[in-house]
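Below: the structure, in structure tokens.
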Amino acid sequence: MSAYDAGARPLSGAQFALDGHGYHAEIASVGAAIRVLTFNGRDLVRPFRADEPHPNFSGIILAPWPNRVIDAQYSWDGEDRRLAVTEPARGHALHGLLVWQEFDVVDSSESAVSLRSVVEPRDGYPHRVQVDVGYSLNTDGLTTSVSATLLAGAAAPFGWGSHSYLVAPSAPGTLSPVDGWTVSVPAATVQTVTQDRLSPTGLAAVGELSYDFREPRVIGDTFIDHAFTDLVRDEDAQARVRLTDASGVGVEMSWGPECGWLQIHTADLPEVAASRTGLAVEPMTCPPGAYNSGTDVIRLEVDEHAEASWTLTAIGD
């Protein structure tokens, strides 16, 4: 494991390089982001440069909520609360409070690093929560293990998520569009949303909205920016999303029952060069708008922990 000198710190923060079992990862301290992940030199996530802020939330940890708090306001234990609007175009509070926060290194080795940051009390979220993030390489790939502890304040609402853009093989130095990739998503239900603000409106069977990817299928020109649930799990209680190219080479993301929701986004972006060049696969403990609906929000009491983990694994050589 290595880190850049703090005096020459890149814009994405201190950098931590991990190696093992054919995998190479580079973790950036701002947002505890996965900046690079390769297997035998092949990209498994859409990388970004060390000397740039993470683009489009690439690789970051989402807490104390994933996705959106609608209208940046919610009620908790009978108290109405208002958060800062961090998605101005839609008027929501997006992706929690750690997006641009620095994480400090707690422990490190050649193939693992542990990072820590603290959510300090503020308007709309008057709680102090310690967030620990561990990255480790093993034969299964890169495992992310997260733990949150309420240090002070009354019981707090909480939710986890991650935000990696997965990729299938591309020519070196290029980004291929998602349209030609095949994906399998083990989910029976999708959350419906408004077209303009992506505000949740209900739930539907995946087949009703042409979002049934339980059997592998080519993404094509399908636009996806939706949350899925009713996840099918294997005998190890793992849900698995697999993304491959036409030859069957690609990447798998797997996670346990702590995350009962999954956001998929085809990364349709205003920047034409980057648009649809990665598939955001985001395991979450609660859905978009959870602080508004109360659905699957974790209630953290002082000294209690909320934990989750997920793994990125190469498919093929």
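The values are calculated or read from the model by the stated rules, or taken from the named source; none is laboratory data. Note that this is a predicted model, so its numbers are computed, not measured. Quick reminder, even Gly has a Cβ in these numbers, built from the backbone with ideal geometry, and neighbours come from all protein chains shown. We work out accessible area using only protein heavy atoms, side chains counted, and drop any ligands, DNA or RNA first. Shrake-Rupley method; radii C 1.70, N 1.55, O 1.52, S 1.80 Å.
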>> Every residue in segment 260-284 that is farther than 29 Å from Arg49 by Cα and part of a loop (DSSP other than H, G, I, E, B), please.
In response: Gly260
> Restricting the search to segment 204-213, which residues are surrounded by fewer than 16 Cβ atoms within 10 Å (Cβ to Cβ) and in contact with a strand residue (DSSP E or B) (Cβ under 7 Å, 6 or more places away or on another chain)?
Replying inline: Ala204, Ala205, Leu209
> Given Arg116, Arg122, which one is under 30 Å from Asn40 (Cα atoms), surrounded by fewer than 18 Cβ atoms within 10 Å (Cβ to Cβ) and among the basic types (Lys, Arg)?
Replying inline: Arg116
> In the set Asp225, Asp212, which member is among the charged types (D, E, K, R) and within 26 Å of Ala32 (Cβ to Cβ)?
Replying inline: Asp225
>> I'd like the full set of residues that are under 24 Å from Leu11 (Cα atoms), of a type outside the set (S, T, N, Q) and not in a strand (DSSP E or B), limited to segment 61-112.
In response: Pro64, Pro66, Ala84, Val85, Pro88, His95, Leu97, Leu98, Val99, Trp100, Phe103, Glu110
>> What pairs come out if I take residues in segment 32-57 that are at positive phi and pair them with residues that are hydroxyl-bearing (Ser, Thr, Tyr) and open to solvent by less than 20 Å² (accessible area, probe 1.4 Å) whose C-beta lies under 8 Å away, six or more apart or interchain?
In response: Ala32/Ser117; Asn56/Tyr165
>> Condition check: assigned to a strand (DSSP E or B), among the β-branched types (Val, Ile, Thr) and open to solvent by less than 20 Å² (accessible area, probe 1.4 Å). Does Val183 satisfy that?
In response: yes
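In the set Ala168, Ala188, which member is part of a loop (DSSP other than H, G, I, E, B) and either touching a Leu at 6+ places or on another chain (Cβ under 9 Å) or surrounded by fewer than 22 Cβ atoms within 10 Å (Cβ to Cβ) (or both)? Outline the logic, then answer.
On the way: Ala188 fails: part of a loop (DSSP other than H, G, I, E, B).
Result of the check over Ala168, Ala188: Ala168.
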> Looking at segment 214-250, which of its residues are more than 18 Å from Ala187 (Cβ to Cβ) and surrounded by 21 or more Cβ atoms within 10 Å (Cβ to Cβ)?
Replying inline: Gly250
> From the list Thr139, Thr144, which residue is of a type in the set (S, T, N, Q), surrounded by 21 or more Cβ atoms within 10 Å (Cβ to Cβ) and out of contact with any Lys or Arg (no Cβ under 7 Å at 6 or more places or on another chain)?
Replying inline: Thr144
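Taking Thr222, is it polar (S, T, N, Q) and assigned to a loop (DSSP other than H, G, I, E, B)? Write out each step before concluding.
Values: polar (S, T, N, Q): yes; assigned to a loop (DSSP other than H, G, I, E, B): yes.
So Thr222 passes the test.
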